[in-house]
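Here's the structure we're looking at; comments come further down.
The values are calculated or read from the model by the stated rules, or taken from the named source; none is laboratory data. Quick caveat, the model's predicted, so the values are computed rather than measured. Cβ placement follows ideal geometry from the backbone for every residue including glycine, while neighbour counts extend to all protein chains displayed. Heavy atoms of the whole protein, side chains included, go into the accessibility calculation; ligands, DNA and RNA do not. Shrake-Rupley method; radii C 1.70, N 1.55, O 1.52, S 1.80 Å.
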Amino acid sequence: MVDTFSETLSEQAAADIAAEVISRPGRGPWATAFRRLRRDRAAMVALGVLVLILVACALAPLYAHLAGTDPFRPNLDGSITLNGQSVDVMQPSTTGLGLGVTPIGPTWTLHYLLGADSQGRDVAARLLYGGQTSLFIAGMATVICLVLATLVGVVAGFFGGWVDTVLSRILDVLWAFPIYLLAISLSIVLLNTTLHIGPIALTSDSLALPIAIVGVIYIPYVARPIRGQVLTLRHSEFVLAAVGLGIPAWRILWRDILPNVTTTLIVFVPILMALNIVTESALSFLAIGVQPPNASWGTIIGDGEALLYTRPMVALAPGLAIVLTVLALNVLGDGVRDALDPRTKIR
Amino acid sequence: MIAAVLQRLVQMAFVMFGISVLVFLIFFATPGADPAARLAGRNASPETVQQIRHEFGFDRPLPVQYAIMMKKLFITQDLTSFVNRGEKVVPEILAAAPATLSLVAGAALLWVLGGLFVGVISAATRGSWLDRSLMILALIGISMPVFWLASMANLVTQSAYHDSWAFSWVPELGYTPLTKNPLRWFQGLVIPWLTLATLYVGIYGRVLRANLIETLQEDYIRTARAKGLSETRVLLRHGLRTSLAAFVTMFGLDFGSLVGGAALLTEVLFGINGVGRLTYIALGNLDLPMILASVMYASFFVVGANAVVDILYAVIDPRVRKE
């Protein structure tokens, strides 16, 4: 192999390559990790799927415009043209006593692609708008969780003493608290009050509530490993040296500690996104997450529950969207972890 | 040994106290609404609210309120619902516990067996197509929201294919107590068990595989192989034994949290009258005493179960005991 390779190159070219290899500085850890991730085919496919989902959700207004439907307004008397015939969105029931109406099923055309829900709204359009909400909440909650968890973990691990004791005990309590019960307790109380935080008034239809709740409940999950890591870093030689030189604590935290926990934080991003999407959808399904008129994948599944046996597509489609997104995030998460943490490379 | 157990029990008591304070603060000290009105539920008369305010001491300092609430929850156990007038919530919750336990215990058995199977098989055939497909299935299992999976299971077994030979045995949604009709109890729980176990088979399979593969790099495994032991024996007797430690710890945590409320969605969708469904119904009509009691009892159960697991662990594993 090597022989044939060198034979195809002129001597001059080979010398050029050799010179370049020698002069090129060593690859940094980030570049190495990024290269590893790029070689991971599964992770790249997952990333592609995620980008597609993001783009599709971002284009929700375009679909709604083309299909001529309003995903947030009931359309009980409307009709659409299908194969040259006019069809009602809400059709008379054919089962039972023939009373009541059943929404139109999937048409597989631009209008009502996936059918209508019990309010005559376009499921496909709601799916895309709901995706925006779900992804937005999950993303914001991830940011909140990472920021607060880093703060708690770094402070507890670095300063130790009673600060660590107090923070760790609080984390212990939160950790032992079943996550869904914590989320339910917070939601039920906060949904029925208008919370005033300074000048901002949080009403129950604001997305800030589910973001805050989902963002808070996973803090111990991230803060505990961060604290452990900082605890070890605190006694490492380069930090002791910095302390000995009289460098102020905030500067050590910022320059020496924080860069060393960044990898851990990055590994948590896809995992937290996945957890947050599922948690938000569960809360919204229970009607204690996203409130109407907003919709998320969870609320759409909740809407579809009543139509499950007649129009399963209403619950099926958003569920598949969640599974696909979370699956892609989990695969990407595995890839990111493998790329950043050489220890887990044992395969 | 006794010191370690005592220490763990003290820690448990501390965490329980912390949780009770946290729950109390969430429910009664968040700004924005009158706690008495919150407790009374929707459309309560001013007289009821006034009576509650006096009875629960909402006109007195917070620590007194906390003490009264804890007394009503755990000592006299006479906290009553104001939505369903006069209904005592604590006995209600205790009566619902067997249904939840039936659901979680059966699912636990399934996921332990499934997780062991998936983990051992894929670690043994590492890198093969079998390993890869098992891991993909495990990931899909982890990625499905349980309430959606339950919906889809209902769609298939209760509607779309209910009349086919495959699912005609599935009874209507609901829970039959074991003491009333064991066969019906079993039939009614098979689909909920499978649904609930799916997620955990995925998690446990993945964790066990990773653990086993790490263990198989150890020196004593090489020694075992060098002695000429069969690969099966090396894997099961030498590898699996050490990998099970993490498995057992996880099991304690997950079992506890499922009994303590994480099975809520499964109970709701399959109509199983457990603690979770009680909480869900209470959510619907804002029955705060019921939610409060179920959250408190469930989280105490979780904390207690974790302490028991840790203590058992110290009994089983001498290394933990010495620390």
Charge dipole (debye, nearest 20) of the range B:63-194; +1 at Cβ of Lys and Arg, -1 at Cβ of Asp and Glu = 280 debye
Heavy-atom accessible area per residue - the protein assembly as shown, 1.4 Å, Å² | 49 Å²
Probe 1.4 Å, all chains present, heavy atoms only: B:R60 accessible area in Å², nearest 10, is 130 Å²
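Does the range B:11-154 come out rounded, prolate or oblate, given a ≥ b ≥ c as the square roots of the eigenvalues of its C-alpha gyration tensor, rounded meaning a/c under 1.5 and, failing that, prolate meaning a/b above b/c?
Details: a/c = 2.92, a/b = 2.61, b/c = 1.12.
Here the range B:11-154 falls in the prolate category.
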Evaluated at 20 °C and 1.002 mPa s, the Stokes-Einstein D of the protein assembly as shown based on the Kirkwood radius over Cα pairs, in µm²/s, stands at 76 µm²/s
At q = 0.08, 0.12, 0.15, 0.16 Å⁻¹, the log10 of I(q)/I(0) for chain B from a Debye sum over equal Cα scatterers comes to -0.50, -0.98, -1.24, -1.30
Given the Cα atoms of the range B:92-274, and with Rh set as the inverse mean 1/r over their pairs in the Kirkwood sense, what is Rg to Rh to two decimals?
-> 1.06
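Take the alpha-carbon positions of the range B:2-76, form their convex hull, and give its projected area averaged over all directions (one quarter of the hull surface) in nm². Working shown, then result.
Values: hull surface 24.5 nm².
Projected over every direction and averaged, the Cα hull of the range B:2-76 covers 6.1 nm².
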Give me the aspartates and glutamates in straight-line cross-link reach of B:K227: C-alpha distance below 19 Å, same-chain residues under 8 apart excluded.
-> B:E218, B:D219
